[in-house]
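Read-outs throughout are calculated quantities, based only on the coordinates presented, and are distinct from any laboratory measurement. The shown structure was predicted, so the numbers you read here are calculated from the model rather than taken from an experiment. Cβ sites come from the backbone with ideal geometry, for glycine too, and all protein chains shown count toward neighbours.
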């Protein structure tokens, strides 16, 4: 198959980002952009690309949904025994990327992840749909399985155990809170002269901000 990728391009013309109008705290701008993404029906506005590092130093990425902004941290939930969970246990360094094509915007975050308190994980777990709770209990996330049939069989068997009872959150499933040290906002502009602003955590706890070359 001969794919002509060189001619695939798009001109970005929707909006701009000015240093005169951005707040001192990146969370304020992130909340504004996320709200706009949800209001304008961006497809999967809370989806983020999560990057971790293996014990061998190899990068790995996957897509996860942001579930909360808590105390200026980004919260998501997963199986702690999954590949990303094992990576984070060895090395808490993490990256998050949001790409909102419809708005010609991106946000790239670097920082460190830590497990959240069990009671917070319990609260979120019990807010999930019933079938999602069952799925979290029976899925050996990231591990090889013999067939989908076996997975569905275990799903049915596990469901029968919890009829009329509150489902217990498995101890290997819960949340991570990501404390950012670096947050970049990217707004597409014409002629590839994009607007990029980088927030970096300072020693005094404040944020420094600089415009970056596109």
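Quick look at the values:
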{"item": "FRET E, pair residue 69, residue 156, Förster distance 30 Å, beta-carbon r, rounded to 0.05", "result": "0.25"}
{"item": "Computed Rg/Rh of segment 146-205, alpha carbon atoms with Kirkwood Rh", "result": "1.35"}
{"item": "Theoretical ellipticity at 222 nm over the chain - DSSP helices of four or more residues, -39500 (n - 2.57) apiece, nearest 500", "result": "-7500 deg cm²/dmol"}
{"item": "Cα pair distances exceeding 16 angstrom across segment 127-168, given as percent", "result": "34"}
{"item": "FRET efficiency estimate (nearest 0.05) - Cβ-Cβ, residue 212 to residue 11, R0 25 angstrom", "result": "0.75"}
{"item": "Measure of compaction for the chain (Cα Rg per 2.2 N^0.38 Å)", "result": "1.18"}
{"item": "Rg in Å to one decimal, and Dmax rounded to a whole Å, for segment 74-144 via C-alpha atoms", "result": "14.6, 38"}
{"item": "Of 41, 195, 24, the one that fluctuates the most in a GNM where the chain has Cα springs shorter than 10 Å", "result": "41"}
{"item": "In degrees, nearest ten, helix 26-39 long axis to first principal axis of the chain (Cα)", "result": "70"}
{"item": "Length-normalised contact order of the chain in % [C-alpha pairs under 8 Å, at least 6 apart]", "result": "25"}
{"item": "Listed residues 13, 46, 181, most fluctuating in the chain (Gaussian network, C-alpha, under 10 Å)", "result": "13"}
{"item": "For segment 44-90, alpha-carbon Rg over 2.2 N^0.38 Å", "result": "1.20"}
